[in-house]
Amino acid sequence: AQSVTQLDSQVPVFEEAPVELRCNYSSSVSVYLFWYVQYPNQGLQLLLKYLSGSTLVKGINGFEAEFNKSQTSFHLRKPSVHISDTAEYFCAVSDTGAGNMLTFGGGTRLMVKP
Amino acid sequence: NAGVTQTPKFQVLKTGQSMTLQCAQDMNHEYMSWYRQDPGMGLRLIHYSVGAGITDQGEVPNGYNVSRSTTEDFPLRLLSAAPSQTSVYFCASRSSGANVLTFGAGSRLTVL
């Protein structure tokens, strides 16, 4: 079984500032890692994913994340945020087997202020 | 391409009432699932299906039933609603060889 911890429930940041949203996971097997974004009153959409290969993964809207196996982390970063990035962000993990059900973290609400 | 369609978007129930949340996808995805979203708890898996006629329990299945008679549809039934089932429910699907879920827009349920 896997588990995901998102260390910050809310992250306030000013527009054009950099941001990092933290995610740590626990698993006894190899994993796939994901970041999903949920804009207000909408469903979740994929931001980026790590399946294998390069540990630095680039996603949509200028976001990127780095897989760190030794620290079991998959932190999400953006060098300069916009008001439109205000949303809830979910880190998720699945095993690499055929079932690969997703386990989600508790979410981090990013609040970008003008 | 409609993707994953959930109905209704909003529903208010009284304790003990029953209802069905509908989920339909038009992408011929084998895998479908239901999650509930509660503040600070992320999304938790209720039930899932890997194909027509096959369903299984997720992390929080109590109080919910599902069936999968067709590839397209995966309804979630609440037989006797309880206030603890007040939540936002998401249906999601993917093809069997994929790793990324496609989510519906959600159904907000309030049980009084």
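The values are calculated or read from the model by the stated rules, or taken from the named source; none is laboratory data. Keep in mind that what you see is a predicted model, and the values were worked out from it rather than measured. Virtual Cβ from ideal backbone geometry, glycine too; neighbours counted across all protein chains shown.
Within segment B:1-41, the set of residues being assigned to a strand (DSSP E or B) and over 20 Å from B:Ser67 (Cα atoms) comprises B:Phe10, B:Gln11, B:Val12, B:Leu13, B:Gln37, B:Asp38. Within segment B:80-112, take every residue that is part of a loop (DSSP other than H, G, I, E, B) and either in contact with a His (Cβ under 8 Å, 6 or more places away or on another chain) or over 22 Å from B:Lys9 (Cβ atoms) (or both) and give me the one that is modelled with the highest pLDDT. If we take residues in segment B:80-112 being part of a loop (DSSP other than H, G, I, E, B) and either in contact with a His (Cβ under 8 Å, 6 or more places away or on another chain) or over 22 Å from B:Lys9 (Cβ atoms) (or both), then B:Ser80 is modelled with the highest pLDDT. Would you be able to say whether some residue in segment A:101-109 is at pLDDT below 95, buried (at least 17 other Cβ atoms within 10 Å of the Cβ), in contact with a strand residue (DSSP E or B) (Cβ under 8 Å, 6 or more places away or on another chain) and aromatic (Phe, Trp, Tyr)? Checking segment A:101-109: at least one residue is at pLDDT below 95, buried (at least 17 other Cβ atoms within 10 Å of the Cβ), in contact with a strand residue (DSSP E or B) (Cβ under 8 Å, 6 or more places away or on another chain) and aromatic (Phe, Trp, Tyr). For segment B:11-37, residues that are touching a Leu at 6+ places or on another chain (Cβ under 8 Å) and within 13 Å of chain A (Cβ to nearest Cβ) total 6.
So, A:Asp95, is that one over 24 Å from B:Cys23 (Cα atoms), in contact with a helix residue (DSSP H, G or I) (Cβ under 9 Å, 6 or more places away or on another chain) and either of a type outside the set (Phe, Trp, Tyr) or within 13 Å of chain B (Cβ to nearest Cβ) (or both) or not? Answer is no for this residue.
Looking at segment B:42-58, which of its residues are of a type in the set (Gly, Ala, Ser), part of a strand (DSSP E or B) and in contact with a strand residue (DSSP E or B) (Cβ under 6 Å, 6 or more places away or on another chain)? Once the filter is applied, which keeps residues that are of a type in the set (Gly, Ala, Ser), part of a strand (DSSP E or B) and in contact with a strand residue (DSSP E or B) (Cβ under 6 Å, 6 or more places away or on another chain), segment B:42-58 yields B:Gly42, B:Ser49.
Scanning segment A:64-80 for residues that are among the hydroxyl-bearing types (Ser, Thr, Tyr) and in a loop (DSSP other than H, G, I, E, B), we see that the one that is farthest from A:Ser26 (Cα to Cα) is A:Ser80. Quick one: B:Gly3 ticks every box in (1) of a type outside the set (A, V, I, L, M, F, W, C); (2) in contact with a Phe, Trp or Tyr (Cβ under 8 Å, 6 or more places away or on another chain); (3) surrounded by fewer than 17 Cβ atoms within 10 Å (Cβ to Cβ) except a single one, so which number is it? Tallying (1) of a type outside the set (A, V, I, L, M, F, W, C); (2) in contact with a Phe, Trp or Tyr (Cβ under 8 Å, 6 or more places away or on another chain); (3) surrounded by fewer than 17 Cβ atoms within 10 Å (Cβ to Cβ), B:Gly3 fails exactly one: (2).
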